[in-house]
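The structure under discussion appears below in the form of C-alpha cells.
The values are calculated or read from the model by the stated rules, or taken from the named source; none is laboratory data. Given the structure is predicted, the values throughout are model-derived calculations rather than measurements. Note that each Cβ is placed from the backbone with ideal geometry, even for glycine, and that neighbours are counted across all protein chains shown. For accessibility, only protein heavy atoms count, side chains too; no ligands or nucleic acids. Shrake-Rupley method; radii C 1.70, N 1.55, O 1.52, S 1.80 Å.
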Amino acid sequence: MKHSRPARILLACCVVALASFTWYGTRTVRPPDCKVAVSALTDADGRPLPVNGEEVTWDELRERAYRDMVASGRCEPPAARWRHWLG
C-alpha cells in the first residue's frame, strides 16, 4: 500500500514523538519530594573549600548529601521518571 507524502511525514513525526516520550519517561530521576540542602565553607570566589584535602564542587557535595539521605532512609533512591508520574 502506497501512502501519500503528508501521511508518511505524520507517521514519522508520531514515531519520533513516541520514541522521545518513552526515552524521557524512562530516565532515572530523584524523587521530587526529597530536598537536599548543602552548606560549606567557601573561598573568596564562592567555591567550597577542600574536604579531607581533595577539591570538591557544589554538585559533588549535593550528591554526597543525597546519598547520605538515601542511606539513612530519609529519601527514596532514584527511580524511572514514569514511576513518579504514577504517584
task: On a 0 to 90° scale, report how tilted helix 5-26 is relative to the longest principal axis of the chain, with both axes built from alpha carbons and the result rounded to the nearest 10.
output: 30
- prompt: Accessible area of residue 28, 1.4 Å probe, to the nearest 10 Å²?
  reply: 100
- request: May I have the extent of the alpha carbons of the chain along their three principal axes, as whole Å values ordered from largest to smallest?
  value: 69, 32, 17
- request: Could you pull the accessible area for residue 36 with a 1.4 Å probe, rounded to 10 Å²?
  value: 40
query: In degrees from 0 to 90, rounded to the nearest 10, what is the angle of the helix 58-72 Cα long axis to the longest principal axis of the chain?
result: 90
- request: At 1.4 Å probe size, with no ligands or nucleic acids counted, give the accessible surface of residue 18 in Å², nearest ten.
  value: 110
- request: Provide the per residue accessible area, probe 1.4 Å, for the chain, rounded to a whole number of square angstrom.
  value: 83
field: Relative contact order (percent, whole number), the range 26-71, Cα cutoff 8 Å, 6+ residue spacing
entry: 31
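Given a 1.4 angstrom probe, I'd like the percentage of the accessible area of the chain that is carbon and sulfur, rounded to a whole number. Mind dumping the intermediate values first?
On the way: 4270 of 7250 Å².
Answer for the chain: carbon and sulfur cover 59 percent of the accessible area.
Report the charge-dipole magnitude of the range 3-52 in Debye, nearest 20, computed about the Cα centre from +1 at each Lys and Arg Cβ and -1 at each Asp and Glu Cβ. Let's see the in-between values first.
On the way: 6 positive and 3 negative charges, 82 e Å.
Once rounded to the nearest 20, the dipole reads 400 debye.
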statement: When the charge dipole of the chain is computed with +1 at the Cβ of Lys and Arg and -1 at the Cβ of Asp and Glu, the Cα pointing farthest to the positive end, of 75, 32, 21, is that of 21
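Explain nothing, just the number: relative contact order of the chain, from Cα pairs under 8 Å at least 6 residues apart, as a whole percent. Before the final figure, lay out each step's value.
Details: 57 pairs, mean separation 32.8, N = 87.
Relative contact order, the chain: 38 percent.
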